[in-house]
Amino acid sequence: MTTDHFTSRRDFLKTSLLGGAAAMAAWSVPSARAAEAALAAAPAPTRGLTSRVALTAGGDRANIAFKALEPFSKEIAAAIGNKRVILKPNNVQINVPLSATHADNLEGILEFLKSIGKTDVAIAESPANGSALDGFANYDYNKFTGKYGVKLVDLDKEGFDVVHCINEKDFQPHPCRMSKLMLDPDNFIISAAKFKTHDLVGVTLSLKNIVVGAGIKDAGAGYGFFGGGGRSDKSITHGGGTHGINYNLFALSPKLHPHLAVIDGYEGMEGTGPVNGTPVDHKVCVASLDWLAADRVAAELMGVDVSKIGYLTYCAQAGDRGEADLSKIEIIGPAIKDHAKTYKLPGNWNQIITWQQPV
């Protein structure tokens with residue numbers, strides 16, 4: 001990253017350094033006492049509002065990610081405690097930059113984590129079409145190993161547990177290999193997602209990034225989930241169609257969800273997402289400890305009717321996954337209406353919303 005870039009982000013780095021000093025002082029006491037103190041000092045939500053979502057906008061991608069996380073500094077530090085942080089980017093393919101989490105977004109998150117004294121961090125992924133490590137190199141993530149001491153992890157090589165997904169063709173449970181790392185309750189999962197449309201579920205945001213990304217594949221598995229001689233269990237999570245994938249995302253969300261959602265809308269994707277869409281110049285970022293509230297706000301910023309998004313509707317109806325009612329979400333930052341755009345939907349939208357109809 002150039003010197004000019006850092007100069008233009010002087011305030012960002014100054015804030016980071018000051019925050020880091022404060023965090024180190026706060027965490028010099030035993031972790032249990034620090035967590036208790038952090039929770040006591042955390043600002044209470046506005047009366048009648050059950051979740052808080054930060055919305056930031058600006059011309060520096062890393063800075064708006066950092067600023068979106070700042071209001072939650074105490075809560076995030078307490079929630080992480082002594083856990084290892086798993087930072088999960090959204091790298092659908094290893095060679096399509098628009099489809100992938102940008103390095104600058106990760107830098108903003110990593111600077112924030114450093115500012116609160118959290119340095120035990122791994123960037124972990126299982127792309128659909130190749131090696132995670134090849135994708136990390138292509139997207140310039142390798143620089144973070146030296147700068148922040150993070151570990152780069154290929155989820156396909158870290159072991160798995162078996163969960164079960166349904167397929168709408170037979171409505172039978174099918175075993176599906178999911179990353180042991182992503183299922184481990186001793187890890188704190190951050191979803192570094194993007195604003196993107198999706199040609200099967202409508203939009204892909206913080207939850208889908210975790211659930212489908214946790215499905216592992218064999219060496220040699222190619223895009224399309226089966227190809228090149230290997231098996232990819234990502235196809236199993238897709239459930240055979242719109243009914244299956246929406247149900248699986250809902251059913252797996254209690255075990256596979258982000259503890260912190262950071263959704264980058266600096267440059268979104270519209271049209272035939274999550275890979276073949278076109279860019280949207282949006283310059284926003286959303287963050288929350290309530291992943292459902294974050295996804296709800298992101299969908300609103302994209303101009304998408306969330307009642308048409310099956311898995312988010314199911315999670316909202318369950319009542320125990322988070323808050324999806326905008327009237328109960330406190331927006332920290334500018335009003336949504338001031339930064340909302342209307343993303344072009346996938347051309348097969350009428351097929352996408354067939355989840356609303358009986359099979």
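Every number in this text was worked out from the coordinates using simple rules, so none of it is lab data. Remember, predicted model here, so these are calculated numbers, not experimental data. Cβ: placed from backbone, ideal geometry, glycine included. Neighbour counts: every protein chain shown.
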(request) Report, in whole Å, the centroid distance computed from the Cα atoms of region 82-158 and region 243-285. (result) 17 Å
(request) State, as an integer percentage, the relative contact order of region 118-210 based on alpha-carbon contacts under 8 Å between residues 6 or more apart. (result) 19 percent
(request) Starting with the highest mean, order 186-199, 152-165 by the number of other Cβ atoms within 10 Å, averaged over the residues of each peptide. (result) 186-199, 152-165
(message) Please report the antiparallel percentage of DSSP beta bridges with both residues in region 48-351, rounded to the nearest 5.
(response) 55 percent
(message) Suppose we keep just the alpha-carbon trace of region 177-326; what are its Rg and Dmax in angstrom?
(response) 14.8, 46
(message) Taking θ = phi - 60°, what integer Hz values does the Karplus form 6.51 cos²θ - 1.76 cosθ + 1.60 yield along region 135-149, in sequence order, with x for Gly and Pro?
(response) x, 4, 5, 4, 9, 6, 7, 4, 5, 6, 5, x, 6, 10, x
(request) From the P(r) of region 48-351, can you give the percent of Cα pairs sitting at distances over 38 Å? (result) 5 percent
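What's the local net charge at residue 206, with K and R +1, D and E -1, over the other residues with C-beta under 13 Å away?
Values: positive: 88, 194, 196, 208, 296, 321; negative: 264, 290, 295.
Here the charged neighbours net out to +3.
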(request) Find, to one decimal place in angstroms, the Kirkwood hydrodynamic radius of region 281-344, where the mean of 1/r is taken over every pair of different Cα atoms and then inverted. (result) 12.2 Å
(request) Net charge near residue 241: determine it from the other residues with C-beta under 11 Å of the C-beta of residue 241, scoring Lys and Arg +1 and Asp and Glu -1. (result) 0
(message) For a quick check: with amide H placed at 1.01 Å from N, whose amide H comes under 5 Å from residue 284's, ignoring anything fewer than 5 positions away on the same chain?
(response) 265, 266
(request) Express in nm, to one decimal, how much length is gained between residue 348 and residue 328 on full extension, taking 0.36 nm for each residue of separation and deducting their alpha carbon distance. (result) 4.0 nm
